[in-house]
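Accompanying notes for the structure given below.
Just so it is clear, none of the values below were taken in a lab; they were calculated from the coordinates. Just so it is clear, the structure is predicted and the values come from calculations on it, not from any experiment. All Cβ positions, glycine included, derive from the backbone under ideal geometry; neighbour counts span all protein chains shown.
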Amino acid sequence: EAQVTQNPRYLITVTGKKLTVTCSQNMNHEYMSWYRQDPGLGLRQIYYSMNVEVTDKGDVPEGYKVSRKEKRNFPLILESPSPNQTSLYFCASSPTRGDGYTFGSGTRLTVV
Amino acid sequence: AQSVSQHNHHVILSEAASLELGCNYSYGGTVNLFWYVQYPGQHLQLLLKYFSGDPLVKGIKGFEAEFIKSKFSFNLRKPSVQWSDTAEYFCAVNARSRDDKIIFGKGTRLHILP
């Protein structure tokens with residue numbers, strides 16, 4: 001089944017403790033992206049990747065890192081999480097940048 | 001800067017009512033247009049998309065959308081809604097330029113009364 005898999009689904013952590021949210025797609029898509037969804041603000045892009053080893057900042061990159069060492073994986077790293085990063089995070093992929101996305105199931109992160 | 005506006009933040013309808021959700025964008029060039037749906041507690045799913053050709057696009061679950069270039073609009077419609085259509089709906093626009101970025105609207109929460 002074609003899908004984008006994110007883990008974990010739920011995560012509660014403390015301020016400053018590094019964490020990684022994994023994202024993997026099995027559709028051989030070139031383009032992958034991370035979004036955060038907050039009430040009243042919709043979806044905001046954090047980082048995106050056009051291909052292996054090619055990543056770039058989205059609209060809200062501060063406090064986040066990504067890497068794209070393999071085509072299928074695009075992990076999101078929070079080196080020192082803060083409470084304002086409490087949010088619902090979605091990974092998405094598409095064949096090309098302008099095409100429709102396939103979204104992962106989301107990761108609800110709470111930073112206390 | 002490019003932007004996407006969804007004017008209705010919250011819509012409440014009774015079952016069998018007709019639905020139209022507005023979406024306007026600001027970009028003068030060529031665009032790809034999308035509507036996504038997010039059911040409660042779930043991820044976003046693509047409802048339909050427009051790249052070119054017939055401006056009336058049919059999607060899944062009986063939804064359709066019409067691209068009106070002169071109005072910079074891509075409104076979502078359904079003739080008769082069901083309780084199961086209760087969800088949040090997002091319009092998204094890709095400006096087909098060097099930037100080629102997809103921008104999402106803030107979403108419209110649709111609540112269908114049984």
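Numbers at a glance
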quantity	calculated
Farthest positive-ward along region A:11-112 dipole, Cα basis, beta-carbon charges - from A:Tyr64, A:Thr96, A:Ser49	A:Tyr64
Inter-chain Cβ neighbour average for residues B:49-56, partner chain, 10 Å	1
Label-zone membership for region A:79-100, site A:Val14, 7 angstrom Cα→C-beta point, backbone N under 15 Å	A:80-83
Under 10 Å, Cβ to Cβ, from B:Val37 - net charge with Lys/Arg +1 and Asp/Glu -1	-1
Relative contact order [Cα under 8 Å, 6+ residues apart], chain A, whole percent	36
Ranked by how many other beta carbons lie within 10 Å on average, peptides A:41-52, A:61-72 from highest	A:41-52, A:61-72
Mean-position separation - Cα centroids, region B:39-108 and region A:48-96, in angstrom	24
Test item: Cα-centred dipole of chain A, Lys/Arg +1 and Asp/Glu -1 on Cβ, debye	280
Chain B: relative contact order as a whole-number percent, Cα under 8 Å and 6+ apart	37
Unsatisfied cross-links (Cα-Cα over 24 Å) in the set B:Lys78/B:Lys106; A:Lys18/A:Lys57; A:Lys18/B:Lys106; B:Lys78/B:Lys101	A:Lys18/B:Lys106; B:Lys78/B:Lys101
Cα→Cβ-extended label distance, 7 Å offset, between A:Glu1 and B:Ser52, nm	3.5
